[in-house]
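**Q** First the structure, then my questions, so here it is.
The values are calculated or read from the model by the stated rules, or taken from the named source; none is laboratory data. Remember, it's a predicted structure, so these values are computed and weren't measured experimentally. All Cβ positions, glycine included, derive from the backbone under ideal geometry; neighbour counts span all protein chains shown. Please note that ligands, DNA and RNA were not included when accessible areas were found on the heavy atoms of the full protein model with its side chains. Shrake-Rupley method; radii C 1.70, N 1.55, O 1.52, S 1.80 Å.
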Amino acid sequence: MDKYKVTHRLLKQSIKSLVNRQLTSNNPIYRSISALPLGSGGRNPQLYRSFGSLATKVERNPSFSSLNSDDVSYFKGVLGENNVVQDEDRLETANIDWMHKYKGSSKLLLLPRNTEEVSKILEYCNSRRLAVVPQGGNTGLVGGSVPVFDEVIINAGSMNKIIAFDKVSGILVCEAGCILENLISYLDNQGFIMPLDLGAKGSCQIGGNVSTNAGGLRLVRYGSLHGNVLGLEAVLANGDVLDMLGTLRKDNTGYDLKHLFIGSEGSLGIVTKVSILTPPKLSSVNIAFLACEDYLSCQKLLSEAKRKLGEILSAFEFLDSHAMDLVLNHLEGVRNPLPSAVHNFYVLIETTGSDESYDKEKLEAFLLHSMESGLISDGVLAQDINQASSFWRIREGVPEALMRAGPVYKYDLSIPVEKMYSLVEEMRLRLGQSANVVGYGHLGDGNLHLNVSAPRYDDKILAQIEPYVYEWTSKHRGSISAEHGLGLMKANEIFYSKSHETVQLMASIKKLLDPHGILNPYKVLPHSLCSYS
């Protein structure tokens, strides 16, 4: 069943003017586009960048070369004139992330059409020590898909072919530049679905999804991309092509190297093709929108849903009253499905199965029992596709509503479910009336989207958030990145989630596969471990 979803492309258009007004060079967060002023020591402003008042100053790797006319001529010879972009307007779009938080100064955007061209680009850049940043739909939230300085942008959007689909096994093989929504539509016509579903599906590309190990709304049912991706093809920094594009469910021959590239954010190689296992499309889909009076009830409801809905449970999402208020106040046409009273928490449950009468009966029995036991105080079951779409609109509209409300600090955290909302409550105590703390996310996965909505970007507010959020998450053995990646934003914070020994091994792998460090520099790994050579 189709769900009404705000695509990332439309979201960009609707909030672009708002973001431009909010994010000026005077805002602490937007210092990302400004070089540090020349001061004692005579620092060159092109060599240093400041990304927020609490972030480490980023220094350009002095071993990297700068682009010249010979480089541009080479790329035109490989790609053709039209696929080597120097137009300022197109570069401006490619240099900045969709939140307008991070901005680079790249002078070149390359649009390869196949793996061979990616290989030639990287072989040349490696020999010249030209740093590159791989880019897909540029929908990330941590600065991972845009340049920090003048890195050459390699966008995979022209590599958008579906190579093969096997209806017996459900295995799809495609190029990395395929837009997720297009893959979803293609599979829908074949009677299958993607195991991945994101609000940004209208813009994000499958190569970027794989490279960031994107999670999304279906993880509780189908698991992560580490389980669904059967194989991939990737190009290393020196231009070597690794053909790991297997389509086998079982293959225990040596190390399963594809997992190095799933979630490494283009820092080890550029993913060019993917083979992914897709489930069959089931005919019975039911959606319930429920109200709970406290977070403990949400937890118990999740536990009961796993036991009593079991094999048909496909989504379990939650949002608090602050998130609900934002959606109702900032998104046109959105109505509260439970208008009779104000509730503290809201839960969206989706079931997917093959027997409509059985599935609906099972869900209704679960809801009745949950109501009688006091776990839910109100609820409604979607009666048609329009009502189901309106329920999803509320949950998926939260990010858009937050952006419309004004400046926002966003954190994507994995936390044990029983502790998850405690962080939201503690942040409200820390920030008081200075900001609106909002909690929502994938409760079924233990993934909290903590958002702090403020009247303006303010160093004092940021100082109350960081590093406290990271310290709290680490103390409770959580992860500072559940599904968004580390990018530039959290590269230096990795030690909150990983041991020094583990991070050191990661740096060794990076050094082995990318000895000159040209692939997506300044991202993922702490800058202290990225030596210049």
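**Q** What single numbered condition from (1) of a type in the set (Ser, Thr, Tyr); (2) modelled with pLDDT of 95 or more; (3) closer than 26 Å to residue 131 by Cβ; (4) open to solvent by less than 30 Å² (accessible area, probe 1.4 Å) fails to hold for residue 473?
**A** Only one criterion is unmet by residue 473, namely (3).
**Q** Given (1) farther than 23 Å from residue 179 by Cβ; (2) surrounded by fewer than 21 Cβ atoms within 10 Å (Cβ to Cβ), identify the lone condition not met by residue 92.
**A** Of everything listed in (1) farther than 23 Å from residue 179 by Cβ; (2) surrounded by fewer than 21 Cβ atoms within 10 Å (Cβ to Cβ), residue 92 misses just condition (1).
**Q** Is it the case that the range 434-448 has a residue that's open to solvent by 40 Å² or more (accessible area, probe 1.4 Å) and among the hydrophobic types (A, V, I, L, M, F, W, C)?
**A** No; the residues of the range 434-448 include none that is open to solvent by 40 Å² or more (accessible area, probe 1.4 Å) and among the hydrophobic types (A, V, I, L, M, F, W, C).
**Q** Those residues that are in a loop (DSSP other than H, G, I, E, B), over 15 Å from residue 512 (Cα atoms) and not small (Gly, Ala, Ser), I need them from the range 231-277; list them, please.
**A** If the condition is that a residue be in a loop (DSSP other than H, G, I, E, B), over 15 Å from residue 512 (Cα atoms) and not small (Gly, Ala, Ser), then 245, 247, 248, 249, 250, 251, 252, 253, 255, 256, 262, 265 are the ones that fit.
**Q** Next question, about the same structure. Out of 241, 229, 235, I need the residue that is within 20 Å of the chain's Cα centre (by Cα) and among the β-branched types (Val, Ile, Thr). Which one?
**A** Of 241, 229, 235, the one residue that is within 20 Å of the chain's Cα centre (by Cα) and among the β-branched types (Val, Ile, Thr) is 229.
**Q** Filter the range 383-400 down to the residues that are of a type in the set (A, V, I, L, M, F, W, C) and either in contact with a Ser or Thr (Cβ under 8 Å, 6 or more places away or on another chain) or within 19 Å of residue 443 (Cα to Cα) (or both) and list them by number.
**A** Selection gives 391, 392, 394, 398.
**Q** If residue 510 satisfies all but one of (1) in contact with a Ser or Thr (Cβ under 8 Å, 6 or more places away or on another chain); (2) assigned to a loop (DSSP other than H, G, I, E, B), what's the number of the condition it fails?
**A** With respect to (1) in contact with a Ser or Thr (Cβ under 8 Å, 6 or more places away or on another chain); (2) assigned to a loop (DSSP other than H, G, I, E, B), residue 510 is out only on (2).
**Q** Let me ask something additional. Of the numbered conditions (1) within 25 Å of residue 485 (Cβ to Cβ); (2) touching a helix residue (DSSP H, G or I) at 6+ places or on another chain (Cβ under 8 Å), residue 352 satisfies every one except a single condition; which is it?
**A** Of everything listed in (1) within 25 Å of residue 485 (Cβ to Cβ); (2) touching a helix residue (DSSP H, G or I) at 6+ places or on another chain (Cβ under 8 Å), residue 352 misses just condition (1).
**Q** Just one of 509, 465, 518 is touching a Cys at 6+ places or on another chain (Cβ under 8 Å) and not small (Gly, Ala, Ser); which is it?
**A** 518
Conditions (1) touching a residue at least 24 places away in the same chain (Cβ under 8 Å); (2) buried (at least 19 other Cβ atoms within 10 Å of the Cβ); (3) touching a strand residue (DSSP E or B) at 6+ places or on another chain (Cβ under 6 Å), marked per residue:
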{"residue": "109", "(1), (2), (3)": "yes, yes, yes"}
{"residue": "112", "(1), (2), (3)": "yes, yes, no"}
{"residue": "133", "(1), (2), (3)": "yes, yes, yes"}
{"residue": "138", "(1), (2), (3)": "yes, yes, no"}
{"residue": "149", "(1), (2), (3)": "yes, yes, no"}
{"residue": "165", "(1), (2), (3)": "yes, no, yes"}
{"residue": "172", "(1), (2), (3)": "yes, yes, yes"}
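Per-residue answers, yes or no, for (1) closer than 30 Å to residue 472 by Cα; (2) among the basic types (Lys, Arg); (3) without any contact (Cβ under 8 Å) to a residue 40 or more places away in the chain; (4) open to solvent by less than 20 Å² (accessible area, probe 1.4 Å):
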{"position": "347", "(1), (2), (3), (4)": "yes, no, no, yes"}
{"position": "351", "(1), (2), (3), (4)": "no, no, no, yes"}
{"position": "383", "(1), (2), (3), (4)": "no, no, yes, no"}
{"position": "393", "(1), (2), (3), (4)": "no, yes, no, no"}
{"position": "396", "(1), (2), (3), (4)": "yes, no, no, no"}
{"position": "400", "(1), (2), (3), (4)": "yes, no, no, yes"}
{"position": "407", "(1), (2), (3), (4)": "yes, no, no, yes"}
{"position": "412", "(1), (2), (3), (4)": "yes, no, no, yes"}
{"position": "417", "(1), (2), (3), (4)": "yes, no, no, no"}
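**Q** Take the residues in the range 282-326 that are touching a Phe, Trp or Tyr at 6+ places or on another chain (Cβ under 8 Å) and in a loop (DSSP other than H, G, I, E, B), then tell me which one is nearest to residue 424 (Cα to Cα).
**A** This residue is 294.
**Q** Could you list, in sequence order, all residues of the range 218-244 that are within 12 Å of residue 194 (Cα to Cα) and open to solvent by less than 10 Å² (accessible area, probe 1.4 Å)?
**A** If the condition is that a residue be within 12 Å of residue 194 (Cα to Cα) and open to solvent by less than 10 Å² (accessible area, probe 1.4 Å), then 225, 229 are the ones that fit.
**Q** Can you go through 169, 211 and tell me which one is in a loop (DSSP other than H, G, I, E, B), of a type in the set (Ser, Thr, Tyr), more than 21 Å from residue 441 (Cα to Cα) and not assigned by the TED database to the domain that holds residue 90?
**A** Unique residue meeting the criteria: 169.
**Q** Kindly indicate which of 480, 461 is open to solvent by less than 20 Å² (accessible area, probe 1.4 Å), in contact with a helix residue (DSSP H, G or I) (Cβ under 7 Å, 6 or more places away or on another chain), in contact (Cβ under 8 Å) with a residue 24 or more places away in the chain and closer than 30 Å to residue 150 by Cβ.
**A** Going through 480, 461 in turn, just one is open to solvent by less than 20 Å² (accessible area, probe 1.4 Å), in contact with a helix residue (DSSP H, G or I) (Cβ under 7 Å, 6 or more places away or on another chain), in contact (Cβ under 8 Å) with a residue 24 or more places away in the chain and closer than 30 Å to residue 150 by Cβ: 480.
**Q** Hey, another quick one. Quick one: which of 72, 19, 58 is surrounded by 12 or more Cβ atoms within 10 Å (Cβ to Cβ) and modelled with pLDDT of 90 or more?
**A** 72
**Q** Name the single residue that is most open to solvent (accessible area, probe 1.4 Å) among those in the range 175-203 being modelled with pLDDT of 95 or more and closer than 20 Å to residue 154 by Cα.
**A** 179
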